[in-house]
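Asks: Got a structure for you, written out below as structure tokens; questions coming shortly.
The values are calculated or read from the model by the stated rules, or taken from the named source; none is laboratory data. None of these values were measured; they are calculated from a predicted model. No Cβ is skipped: glycine too gets one built from the backbone with ideal geometry, and neighbour counts run over all protein chains shown. What goes into the accessible areas is simple: the full protein's heavy atoms, side chains included, and nothing from ligands, DNA or RNA. Shrake-Rupley method; radii C 1.70, N 1.55, O 1.52, S 1.80 Å.
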Amino acid sequence: MNDKPLRVIISGGGTAGHIYPAVSVADALRAELGDDGVRILFVGAEGKMEMERVPQAGYEIVGLPVAGLQRRHLISGANLALPFKVMRSLRQARRIVKEFRPDVAAGFGGYASAPVLWAAQRMGIPTVIQEQNSYAGLTNRLLSKRAKTICTAYDGMERFFPASKIVRTGNPLRGRFAGLAAPSAAVLREACDHFGFAAEAGKKTLLVVGGSLGTRTLNQCMLRWLDALEGRDDVQVIWQNGKYYEPQIAEAIAARPGGLPANVWRGAFVERMDLAYALADVVVARAGACTVSELELVGRPVIFVPSPNVAEDHQTRNAQALAAKEAALVVRDDEAAERAVPLALELLADDGRRARMVANISAMGRPDAARDVAQQVIETAKKYGER
């Protein structure tokens, strides 16, 4: 490498599951090379959460007009306009690559990754793909043909990518998750204070979390079982209902006699997910790649309720990869309202089964994933770039 800063384009967004891994790798690049040793430009999709979250993390970002296919409304104005947005995004991506002159481009999924990496590859810029799921998406499968390095989180990805390009790194995480596998008494007290719980010995915690925007099914689970949970003096619950569903959940709780049970914390978003994981004895969650990796790292028994509304049903495949190793339980989305909470309560009462699940899921964690992906970005620039 020469003395000039490494210039890196990073593209990823649309959901927290794409944004936070991308930001974590940017942080790792800065930690490895120093603030003066790397110049990073993020490229996202206009109107998506990365346009707010990435600047909050201290990075520059530019947006493309790209959008995804509306699968529920195939014949719609948004879908008819999609080809024009794609063409505009490709032109803008080429201009961004030309003006920024990156040594390497890294894609983490989301709408903007495809045009950015496509443009970079055709302009001779080496590219790195970070595939977060156990079942690779179509876009990454297509981009992999010209990618130099493919970082994966699961074994067996030779089904989708050239084996010679694959590096098993795990999914990069951003957050304070170190040491949560066995949190100290001080951390547990802080967590109880944060969520308004009394630090009572013997009371177990159920964490129900559906992502930053929320999940209709998991919210329906909680509303369905609030009466049963209210009567339990041995269980407390942390319930993240998501920002999208906050108004209707708040209205439902206000209309409920007695309001929210005293043993339930509810919020649109959990700002301190590290403290939620510290308390959790059992987690009920979707099976997005970021959530799966967090749970592997902190080692918590989990009941996955995979979303049926994602491309190529990749959440089900993520969940099944853990279930096959007895590291998680899986409940179908259309069965969750009846089964998820009762199953969680059974698991809370079964110390032996929880201990086995903890051991199995912890063995799958990759605590150094962000650093490892960052190293692959640096090595790809060295090997294939003009530095």
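Asks: Run down PRO261, PRO308 and say which single residue is open to solvent by 40 Å² or more (accessible area, probe 1.4 Å) and either at pLDDT 95 or above or out of contact with any Gly (no Cβ under 6 Å at 6 or more places or on another chain) (or both). It would help to see each step written out before you state the result.
Replies: Working: PRO261 fails: open to solvent by 40 Å² or more (accessible area, probe 1.4 Å).
Every option except PRO308 fails the conditions.
Asks: When residues of the range 264-273 are filtered for being surrounded by 19 or more Cβ atoms within 10 Å (Cβ to Cβ) and modelled with pLDDT under 95, how many remain? Full working, then the answer.
Replies: In the first step, residues of the range 264-273 are kept if they are surrounded by 19 or more Cβ atoms within 10 Å (Cβ to Cβ); the result is 264-266, 270, 273.
Keeping just the survivors that are modelled with pLDDT under 95 gives 270, 273.
Residues in the range 264-273 being surrounded by 19 or more Cβ atoms within 10 Å (Cβ to Cβ) and modelled with pLDDT under 95: 2 in total.
Rundown of residues vs (1) open to solvent by less than 60 Å² (accessible area, probe 1.4 Å); (2) closer than 28 Å to ALA106 by Cβ; (3) under 19 Å from the mean Cα position of the chain (by Cα), yes/no style:
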| position | (1), (2), (3) |
| --- | --- |
| LEU345 | yes, no, no |
| LEU348 | yes, no, no |
| ARG353 | no, no, no |
| MET357 | yes, no, no |
| ASN360 | yes, no, no |
| ARG366 | no, yes, yes |
| ALA370 | yes, yes, yes |
| VAL373 | yes, yes, yes |
| ILE378 | yes, yes, no |
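Asks: If we keep just the residues of the range 188-204 that are among the basic types (Lys, Arg) and at pLDDT below 95, which is least open to solvent (accessible area, probe 1.4 Å)? Steps first, please.
Replies: At the first step, the residues of the range 188-204 found to be among the basic types (Lys, Arg) are 189, 203-204.
Narrowing further to those that are at pLDDT below 95: 189, 203.
Numbers: ARG189: 132, LYS203: 49 Å².
If we take residues in the range 188-204 being among the basic types (Lys, Arg) and at pLDDT below 95, then LYS203 is least open to solvent (accessible area, probe 1.4 Å).
Asks: Let me confirm something: among ALA114, ALA147, which residue is in contact with a Ser or Thr (Cβ under 7 Å, 6 or more places away or on another chain), among the small types (Gly, Ala, Ser) and in a helix (DSSP H, G or I)? Working first, answer last.
Replies: Details: ALA147 fails: in a helix (DSSP H, G or I).
Going through ALA114, ALA147 in turn, just one is in contact with a Ser or Thr (Cβ under 7 Å, 6 or more places away or on another chain), among the small types (Gly, Ala, Ser) and in a helix (DSSP H, G or I): ALA114.
Asks: Okay, moving on. Please specify each residue of the range 169-187 satisfying the condition of being open to solvent by 60 Å² or more (accessible area, probe 1.4 Å) and touching a helix residue (DSSP H, G or I) at 6+ places or on another chain (Cβ under 8 Å).
Replies: ARG174, ARG176, ALA181
Asks: Now a separate question. Among what's in the range 329-343 and is open to solvent by less than 20 Å² (accessible area, probe 1.4 Å) and touching a residue at least 40 places away in the same chain (Cβ under 8 Å), pick the residue that is farthest from LYS203 (Cα to Cα).
Replies: Here is the first cut: in the range 329-343, the ones open to solvent by less than 20 Å² (accessible area, probe 1.4 Å) are 331, 336, 340-341.
Checking the rest, the ones that are also touching a residue at least 40 places away in the same chain (Cβ under 8 Å) come to 336, 340-341.
On the way: ALA336: 24, ALA340: 20, VAL341: 17 Å.
Step by step, filter the range 329-343, then rank; the result is ALA336.
Asks: Further question on the same structure: Taking ALA262 as the residue in question, decide whether it is assigned to a loop (DSSP other than H, G, I, E, B) and in contact with a Cys (Cβ under 7 Å, 6 or more places away or on another chain). Can you show your working first?
Replies: On the way: assigned to a loop (DSSP other than H, G, I, E, B): yes; in contact with a Cys (Cβ under 7 Å, 6 or more places away or on another chain): no.
Here the answer is no, as ALA262 does not meet what is asked.
Asks: Another question about this same structure. Identify the single condition in (1) under 24 Å from LYS382 (Cβ atoms); (2) open to solvent by less than 40 Å² (accessible area, probe 1.4 Å); (3) without any contact (Cβ under 8 Å) to a residue 40 or more places away in the chain that GLU99 does not satisfy, given that it satisfies every other one.
Replies: (2)
Asks: Which of the residues belonging to the range 109-148 are of a type in the set (Val, Ile, Thr) and open to solvent by 10 Å² or more (accessible area, probe 1.4 Å)? Give the derivation first.
Replies: Residues of the range 109-148 of a type in the set (Val, Ile, Thr): 116, 125, 127-129, 139.
The answer is ILE125, THR139.
Asks: Working only within the range 69-94, note down all residues that are open to solvent by less than 40 Å² (accessible area, probe 1.4 Å) and either part of a helix (DSSP H, G or I) or modelled with pLDDT of 50 or more (or both). Explain how you work it out, then say what you get.
Replies: Taking the range 69-94 first, the residues open to solvent by less than 40 Å² (accessible area, probe 1.4 Å) are 76, 79, 81-82, 89-90, 92-93.
Those that are open to solvent by less than 40 Å² (accessible area, probe 1.4 Å) and either part of a helix (DSSP H, G or I) or modelled with pLDDT of 50 or more (or both): ASN79, ALA81, LEU82, SER89, LEU90, GLN92, ALA93.
Asks: Going by what's in this entry, would ASN360 be described as free of Cβ contacts under 8 Å to residues at least 40 places away in the same chain and either at positive phi or polar (S, T, N, Q) (or both)? Break it down stepwise before answering.
Replies: Values: free of Cβ contacts under 8 Å to residues at least 40 places away in the same chain: yes; either at positive phi or polar (S, T, N, Q) (or both): yes.
So ASN360 passes the test.
Asks: Could you grab the pairs with beta carbons closer than 6 Å, sequence gap of 6+ or different chains, first residue in the range 12-23 and closer than 17 Å to PRO65 by Cα, second one among the acidic types (Asp, Glu) and open to solvent by less than 20 Å² (accessible area, probe 1.4 Å)?
Replies: What qualifies is GLY13/GLU50.
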